[in-house]
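Here the structure comes first, spelled out in structure tokens, and everything after it is commentary.
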Amino acid sequence: MAAVPNSKRSPRRSHRGVSWIGFLLSVLALVVVVVATSYWIWQRQAMAGAVIAPITSKVSQGLFLHEVTERGETESSSNVEVRCQVQSKATTGTPILWIIPEGTIVEPGEKLIELDASALRETETQQRILYEQARASKIQAELAHETSKIAIEEYEKGTFIQEKETVEGEIFLAEENLRRSQDYASYSDKLYGKGYVTAVQLEADKFAVKNAELALATAKTKKFVLENFTRAKMINQLKSAEQTAEAQKRAQAAGFRLEEEKLKFVEDQIAKCVIRAPDAGLVVYANKTDNRGNSEMVIEEGVSVREQQVVIRLPDVRKMQVKVRVNESRVDLIKVGRPARILVDALQGTRLEGVVTRVDALPLPTSWSRGNVKDYAVLVAIDQPPPRLKPGMTAEVSILVTEEADVLQVPVQAVLEQGGKFYLYRYTETGTEPVPVTIGPTNDQFVVIRSGIALDESVVLDPRSYLRKLDPTSSAAITTRFVTSAPQQSYGKAAGEGAGKRGGMAGAESGKRPRGEGKRPRGEGGPKSDSLNPDGPALEAAALKVERSKNEAGKLEAGKIDSGAAPQLDGGSR
């Protein structure tokens, strides 16, 4: 009975302990928040009052190079294309039975490809039969034509004369019969007067005279018809037969030539199934890929090739060049005849020299992966290519655009542009001051300074970020921007590739703008246009005020610069 009260008081004590722990945790969290807030406020106040030393760089002098650097592939400027010359009725083409391995160096006349000629050999057999038949018909037609010509001559010089002589013989015989009949009739008439012959016999002799006269007249008519009608008719008939035979001869000759040409064509097609090298060179298969890089056509044994399709290319490795793609923003910088240096990945450490030989006037076809980016093909011929250089190797080409010796240069990050004018922030022991400068060409790594700054003077790098640290509300820090191009010139790509390779100062173009160019700092507002910004001419005004505020020793006097007219200037030491 005594244990019941103890069991009822135990849960109450446990609940009171939990409440105290929660209270302590809440107080601790509040203290942490207050301390953190106080520290943040103190840090902000300390940073607001502190002077932050900028990152600087000295003005240097030396060789300035501006190069356009792109990557491309080596190829031969003298390529012999080996095409399939075999016609095929099948849409798939003619299969390849054997092909020489890719990469083989061949000499003129060496066998490259053997195509399947089985179908052509069957066609050759059938065509040879037609050819022999046409040849026999042609021979028969020629003989018939010769016979027709002989028939005309035979008639004129033989048959006609023979018939004429026969008719003349008949005339002569008829005349002789007539003379004899007349003599008999005259003799019978005398005997009849003396009573030695009868009247019937006399009448018979007179009838014989008339019969002889009729036979003579018939013979003469036959001669007339032979000379004036039969002869002309026979000659015309024989000439017509001769012309017909001649036409048949021409027709059979044309048919024979056609069949002969067909046979020669088939034989030529069979001969073309074995393709030989027209010139010496390196064997490169003419494989095709689409815009996505997928293979559309792979040359290998068993693949069918069409007529006039390029199967093999024979590049002359003694005449090599590099084909590169140059963006449209930089293609105007490249001119034919400009020197270039070439670094081939496969030939490590070997530097080749070259010259620009062609700049295409029209852009290359675009693909879905490149969007609307327009590139132009530029060909760079390689001077004295080494024997190890092969087509298809990846190469980096640096084309020289501008070269100046012994010029002042500063990094592009140090130059600001405001209202079409250019400024540097010079850093001295007394602080920073904006300096208007005249610039020359730039390769987006260094800018040539024509005037406004001296050698070995210190300039502020990334001055825009430094200005924001000095005065976060400065609108001039927002409206200024980095210089990435020279006046009246536009150079696109150049990061630090190749810095120090040709003179040490300038790098090759890379096409990347310096980080932060053209962007406003996070959280900052204000218009981008200088015409809309009331602090737009701040840099120019500040530069003028600085020049007027220098004392005789050439140092800046404190308190003589109107901070409202220009970005905050640092008067502290480095």
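Some notes on this structure:
- Ranked by how many other beta carbons lie within 10 Å on average, peptides 318-330, 167-179 from highest: 318-330, 167-179
- Multiplying the residue separation of Thr394 and Ala377 by 0.36 nm and subtracting their alpha-carbon distance yields 4.6 nm.
- Rg ratio (alpha-carbon, reference 2.2 N^0.38 Å) - the range 300-362: 1.61
- Eigenvalues of the alpha-carbon gyration tensor of the range 192-233, scaled by 5 and square-rooted, set the equivalent ellipsoid semi-axes at 39, 6, 4 angstrom, largest first.
- Centroid-to-centroid separation of the range 369-439 and the range 167-206 [C-alpha atoms, Å]: 141
- Percent of Cα pairs exceeding the 14 Å cut-off, where the set is the range 104-191: 83
- Cut-off 10 Å between beta-carbons: net charge of the residues surrounding Lys149, Lys and Arg +1, Asp and Glu -1: -4
- Dividing the Cα radius of gyration of the range 119-272 by its Kirkwood radius returns 1.53 for Rg/Rh.
- Charge tally around Ser57: other residues with Cβ under 12 Å, Lys/Arg +1 each, Asp/Glu -1 each, net -1.
- Electrostatic tally near Asp332: other residues with Cβ closer than 13 Å to its Cβ, Lys and Arg +1, Asp and Glu -1, net +2.
- Nearest-0.05 FRET efficiency for Glu429 and Ser451, computed from C-beta distance (R0 25 Å): 0.60
- Cut-off under 5 Å, modelled amide H: who pairs with Glu110 long-range: Ala277
- J(HN,Hα) series, the range 223-230, from Karplus relation 6.51 cos²θ - 1.76 cosθ + 1.60, nearest Hz, glycine and proline x: 5, 5, 5, 5, 6, 9, 10, 5
Taken together, the values in this text are just the output of simple stated rules run on the coordinates, not laboratory data. Predicted model only: the values in this text are computed from it and were never measured. As a convention, Cβ positions derive from the backbone with ideal geometry for all residues, glycine included, and neighbour counts pool all protein chains shown.
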